[in-house]
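Down below is the structure, laid out as structure tokens.
The values are calculated or read from the model by the stated rules, or taken from the named source; none is laboratory data. Here the structure is a predicted model, which means the values were calculated and not measured. Every residue, glycine among them, receives a Cβ derived from its backbone with ideal geometry; neighbour counts consider all protein chains shown. In case anyone asks, the SASA skips ligands and DNA or RNA and just uses the protein heavy atoms, side chains included. Shrake-Rupley method; radii C 1.70, N 1.55, O 1.52, S 1.80 Å.
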Amino acid sequence: MKYKCIEKFGDLSRLCFGCEPLGGSDWGKFNLSDIEASIRFSIEKGVNFFDTADIYGLGLSEKRLCKILSNKRHDVFIATKGGVAWRKNSSSRAETFFNTSEKYVSSAVENSLRRLKIENINLYYIHWPNSDTSIEETFSCLQKLKDNGKILNIGCSNFNLDQLKEALKYAEINFLQTAANIIDGAPNSALMNFCKKKNINVVAYNVLHYGLLTGKFTKNFNFSSNDRRSRLESFKGSNLKKKLKKVEDLKVSLTNTNLSLAQYSIDWVTNKKQIDFAITGIKNQRQAKENILTFDDYGL
């Protein structure tokens with residue numbers, strides 16, 4: 001079976017390979033060789049859109065992605081994010097904080113270029129809005145970096161409609177990244193309609209709701225201390241029970257389909273006309289194949 005990319009924004013695959021697990025932290029146990037194999041498999045099958053961020057593993061995700069892609073890093077579309085700074089702490093987790101000042105963003109872009117070993121970044125997002133720095137300062141800086149060829153496209157991640165409108169006053173915005181999944185629902189319709197009007201590509205993340213929509217977790221599942229889900233309130237007590245009940249209800253909907261729960265959940269997101277791309281975090285080749293098949297079967 002042949003896997004396909006669509007002709008949209010440089011023939012990007014609608015499935016975007018999420019590289020947060022490559023950072024080696026916050027998602028529990030992982031095998032680097034398995035992720036490497038899944039990246040190579042995904043490229044072979046037509047996936048050419050990769051999403052990372054400098055904060056993932058404090059730069060490790062970018063470095064590892066560069067090493068795995070090797071010369072192919074010039075043939076794929078790499079998106080990375082900045083605006084979350086960190087201070088390492090030898091005795092505990094690193095301290096993280098927002099910094100979207102012109103000085104910091106300029107240095108963050110240079111550092112991402114160095115870690116990824118590329119001449120320009122296909123897509124650079126501001127990871128989170130930051131009220132401590134004006135949107136004018138941040139996005140005027142990004143537009144300068146784009147004009148100078150350091151980045152090719154500018155994106156906003158987790159921005160609301162008013163913040164996006166403000167950013168557009170100072171820079172050309174081509175992408176918006178926002179959470180969307182079958183449990184929490186689709187993004188704000190006013191925001192989505194505005195993106196369509198302005199030809200801004202919408203990239204959905206958390207499509208599988210922190211892995212819950214893979215169907216592999218139970219109320220008695222214990223997440224390790226190096227897994228962020230052990231710290232999330234939505235994965236504790238009654239909150240988790242409610243979400244697991246939703247998952248069980250969703251499984252009933254699969255009766256007359258050939259889809260797994262993960263595929264059904266991806267399909268729900270990508271069938272939204274306002275959503276152009278979907279990010280899924282992938283740890284192994286089995287997950288890669290399962291996710292890619294969703295798009296192939298439906299001609300997406």
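Brief remarks on what is shown
- Carbon and sulfur %, accessible surface of the range 82-143 computed with the full protein complex present, 1.4 Å: 45 percent
- Quarter of Cα convex hull surface for the chain, i.e. mean projection, nm²: 15.6 nm²
- Once backbone amide H atoms are built at 1.01 Å from N, D26 has R228 as its partners under 5 Å, excluding neighbours fewer than 5 places away on the same chain.
- With 10 Å bins beginning at zero, the pair-distance distribution over Cα atoms of the range 59-120 amounts to 20, 45, 28, 6, 0 %.
- Sorted peptide list for 207-216, 39-48, 52-61, 66-75, criterion being average Cβ within 10 angstrom, highest first: 52-61, 207-216, 39-48, 66-75
- Simple point charges give the picture: +1 on the Cβ of Lys and Arg, -1 on the Cβ of Asp and Glu, and for the range 71-145 a dipole about the Cα centre of about 460 debye.
- Value at 222 nm in deg cm²/dmol, rounded to 500, when DSSP H runs of n ≥ 4 in the chain each add -39,500 (n - 2.57): -11000 deg cm²/dmol
- Where the range 19-76 is the region considered: accessible area per residue in Å², 1.4 Å probe: 41 Å²
- For the range 102-228, the solvent-accessible area with a 1.4 angstrom probe is 45 square angstrom per residue.
- Cα gyration tensor shape of the range 193-260, rounded if a/c is under 1.5, else prolate or oblate by comparing a/b with b/c: oblate
- Calculated from backbone phi, Karplus (6.51, -1.76, 1.60) coupling profile of the range 128-144 in Hz, x at Gly/Pro: 9, x, 9, 6, 6, 10, 5, 4, 4, 4, 5, 7, 5, 5, 5, 5, 4
- The antiparallel fraction among DSSP beta bridges confined to the range 142-300 stands at about 10%.
- Taking amide H as placed 1.01 Å from N in the peptide plane, the amide H of A179 sits under 5 Å from that of Y205, each at least 5 places away or on another chain.
- With K and R counted +1 and D and E -1, the other residues having a Cβ less than 13 Å from that of K245 yield a net charge of +4.
- Surface composition of the range 212-265: carbon plus sulfur atoms hold 49% of the accessible area, using a 1.4 angstrom probe and ignoring ligands, DNA and RNA.
- For the range 30-35, Karplus couplings with θ = phi - 60° (6.51, -1.76, 1.60), whole Hz, Gly/Pro x: 8, 10, 4, 5, 5, 5
- Working from Cα pairs under 8 Å separated by at least six residues, relative contact order for the chain is 22 percent.
- Based on alpha-carbon atoms, the Kirkwood radius and the radius of gyration of the range 1-154 give Rg/Rh equal to 0.98.
- Summarising the amide proton neighbourhood of H209: residues at separation of 5 or more, or on other chains, whose placed amide H is nearer than 5 Å comprise an empty set.
- Table column - 3J(HN,Hα) (Hz), the range 83-88, Karplus curve with 6.51, -1.76, 1.60, x for Gly and Pro: x, 10, 9, 8, 10, 6
- Taking Cβ atoms as reference points and 13 Å as the exclusive limit, the residues near E62 contribute a net charge of +4, counting Lys and Arg as +1 and Asp and Glu as -1.
- Dipole magnitude (debye, nearest 20) for the chain, charges at Cβ of Lys, Arg, Asp, Glu: 720 debye
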